[in-house]
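Written below as structure tokens is the structure these notes are about.
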Amino acid sequence: MANTVFESTASWAGGLKLDLQSRHHKWVVDEPEILGGTDQGPNPVELVLGGLASCLGVLVSLYAPAHEVLLKDFKVFVEGDLDLDGFQEKAPVRPGFSQIRYKIDIQSDSPSSHVDALLQHIDRICPVKDTLSGVQVLAETSLAAK
């Protein structure tokens, strides 16, 4: 299969609020009040964590049958450590996450060896996890004068 391009567009909605759109899906991004926003939506780093959680979750659902895992329920928990002084330029520390951790709790009567194989499989193939492990991000800027 050929490369597929996915896109998202963020449009400023005043203050620290942005209206995001991917395909026909729309949502709001904002910062919590403690960081100067109006807390009308998740902030960008929460979206990164949510992207990882949802990618892992989709893969659990998708590959469970192939590993003979009958799902009763599951949850994916993701958390990351971020020093706010980095992006606020208060200290010479990394502006992004220093570590991200996840845990998947699966409720199933299937053998634990099948569940373990499923978890190892999705850990290996998760595109969001792979992206977070290091991909070149290129910036292209433009200035629209009116």
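Every number here is computed from the coordinates shown, using simple stated rules; none is lab data. For clarity, every value in this text was computed on a predicted model and none was experimentally measured. Note: ideal-geometry Cβ built from the backbone for every residue, glycine included; neighbour counts use all protein chains shown.
Using +1 on the beta carbon of Lys and Arg, -1 on that of Asp and Glu, and nothing else charged, what's the dipole of segment 69-122 about the Cα centre, debye to 20?
For this selection, approximately 60 debye.
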**Asked** What chymotrypsin sites (Phe, Trp or Tyr not before Pro) does segment 1-76 have in DSSP loop regions with at most 10 other beta carbons within 10 Å?
**Response** 6
**Prompt:** Taking a point 7 angstrom from the Cα of residue 117 along the C-beta vector, which residues in segment 54-97 have backbone N less than 19 Å away?
**Reply:** 59-72
**Prompt:** Which option, (i) 29, 16, 13; (ii) 33, 19, 16; (iii) 24, 17, 16, is the value of semi-axes √(5λ) of the Cα gyration tensor in Å that was calculated from these coordinates?
**Reply:** (ii)
**Complete:** The pairs in 26/129; 26/75; 17/72; 17/90; 72/103; 75/129 lying past 27 Å Cα-Cα in this model are 17/72
**Asked** Rounded to the nearest 500 deg cm²/dmol, what is the calculated helix-only ellipticity per residue at 222 nm for the chain, with -39500 (n - 2.57) per DSSP H run of length n ≥ 4?
**Response** -9000 deg cm²/dmol
**Request:** Relative to the longest principal axis of the C-alpha atoms of the chain, give the angle of the C-alpha long axis of helix 112-125, reported between 0 and 90° and rounded to the nearest 10°.
**Result:** 30 degrees
**Request:** Could you size up the charge dipole of the chain around its Cα centre, putting +1 on the beta carbon of Lys and Arg and -1 on that of Asp and Glu, and report it in debye to the nearest 20?
**Result:** 340 debye
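Please state the relative contact order of segment 43-132 as a whole percent: Cα pairs under 8 Å, 6+ residues apart?
Relative contact order here is 34 percent.
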**Asked** So how do 73, 30, 83 line up by other beta-carbon neighbours within 10 Å, fewest first?
**Response** 73, 83, 30
**Item:** Packing-based exposure ordering (other Cβ within 10 Å, fewest first) of 70, 59
**Value:** 70, 59
